[in-house]
Amino acid sequence: MDGSQGDMFEAAPLEPAAVRRFLADNPDFLRNDEGLLAELGLKVRADNVVEFAPAAMARVHAAHQREAEQRQMLETTARANFAAQAQTHGAVVDLLDARNNSDLARRVDELARTRFGLAAGVIALECEGLPPAGWKALVEGQVDLILGGPQRMARMGQVPTALGLFGPDAGSVASMAMVRMAIWEPSRQGILAFGSADPEGFTPDMGSELVAFLARVTERTAERWPLL
């Protein structure tokens with residue numbers, strides 16, 4: 001059989017109107033096919049009327065389930081954001097109570113561990129001599145190198161080249177959040193860094209607003225005491 005003859009026997013496209021006419025002309029076709037009724041989520045009542053309620057209820061239930069899951073996700077996110085903001089506000093009070101720059105560094109590390117459940121918190125500063133006790137010393141230009149350029153204000157995620165910021169705690173840091181600081185006059189470049197033991201604790205797609213806020217508080221608090 002050649003191609004032209006085969007085309008004559010190809011099934012014509014099934015149109016909805018044709019299906020409707022067939023069911024109207026053959027009312028027992030659907031009612032007597034229990035398998036098809038089950039696939040469609042339908043059932044036949046005792047008075048031979050096809051009952052559409054189960055299928056409709058199933059669709060309503062599915063829509064309600066999706067709505068409930070989305071609402072739960074929004075509520076969970078809102079609670080997490082509220083908790084993070086509350087902890088950040090408490091951290092600000094802790095930082096403002098610092099007695100000197102050494103105490104400030106201790107408080108940064110302490111709030112990282114106790115308030116946020118992180119591995120470490122560090123203040124680092126570019127300086128020619130020694131930084132305040134408890135601060136990490138950096139050479140000139142190192143802040144730009146760590147953050148990935150002079151225009152970058154923050155960096156989140158896994159940055160192996162920045163592990164040196166955390167000193168003896170570097171082995172427990174799998175991801176980090178780092179924000180640029182500028183302290184004193186003339187301005188000295190620094191970094192406020194938090195390290196997490198979780199590789200997903202800080203990721204590049206996360207916002208850095210709360211960490212940047214803590215960095216600004218750290219800057220203002222440190223400027224109470226001149227760098228000797």
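The values are calculated or read from the model by the stated rules, or taken from the named source; none is laboratory data. On a predicted model such as this, the values are computed, not experimentally measured, just so you know. Positions of Cβ are generated from backbone atoms using ideal geometry, with glycine treated the same way; all protein chains shown enter the neighbour counts.
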**Report entry** Criterion violated by LEU130 - all others in (1) closer than 14 Å to ALA212 by Cα; (2) modelled with pLDDT under 95; (3) of a type in the set (A, V, I, L, M, F, W, C) satisfied
**Finding:** (1)
**Report entry** GLY141 being surrounded by fewer than 19 Cβ atoms within 10 Å (Cβ to Cβ) and either among the small types (Gly, Ala, Ser) or in contact (Cβ under 8 Å) with a residue 60 or more places away in the chain (or both)
**Finding:** yes
Query raised in the report: Limited to region 94-124, what total is found for residues that are within 22 Å of SER172 (Cα to Cα) and either among the basic types (Lys, Arg) or assigned to a strand (DSSP E or B) (or both)?
Result: 9
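A quick yes/no check of all residues on (1) of a type in the set (Phe, Trp, Tyr); (2) more than 17 Å from LEU210 (Cα to Cα):
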site: ASP97; (1), (2): no, yes
site: ARG106; (1), (2): no, yes
site: PHE116; (1), (2): yes, no
site: TRP135; (1), (2): yes, yes
site: ALA174; (1), (2): no, yes
Query - Which numbered condition LEU14 fails, given (1) surrounded by fewer than 10 Cβ atoms within 10 Å (Cβ to Cβ); (2) modelled with pLDDT of 70 or more; (3) assigned to a helix (DSSP H, G or I) - result: (3)
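Every residue, every condition in (1) β-branched (Val, Ile, Thr); (2) under 21 Å from the mean Cα position of the chain (by Cα); (3) within 23 Å of VAL217 (Cβ to Cβ), yes or no:
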{"site": "THR76", "(1), (2), (3)": "yes, yes, no"}
{"site": "GLN85", "(1), (2), (3)": "no, yes, yes"}
{"site": "GLY90", "(1), (2), (3)": "no, no, yes"}
{"site": "LEU96", "(1), (2), (3)": "no, no, yes"}
{"site": "GLY149", "(1), (2), (3)": "no, no, no"}
{"site": "ALA154", "(1), (2), (3)": "no, yes, yes"}
{"site": "THR161", "(1), (2), (3)": "yes, no, no"}
{"site": "ALA170", "(1), (2), (3)": "no, no, no"}
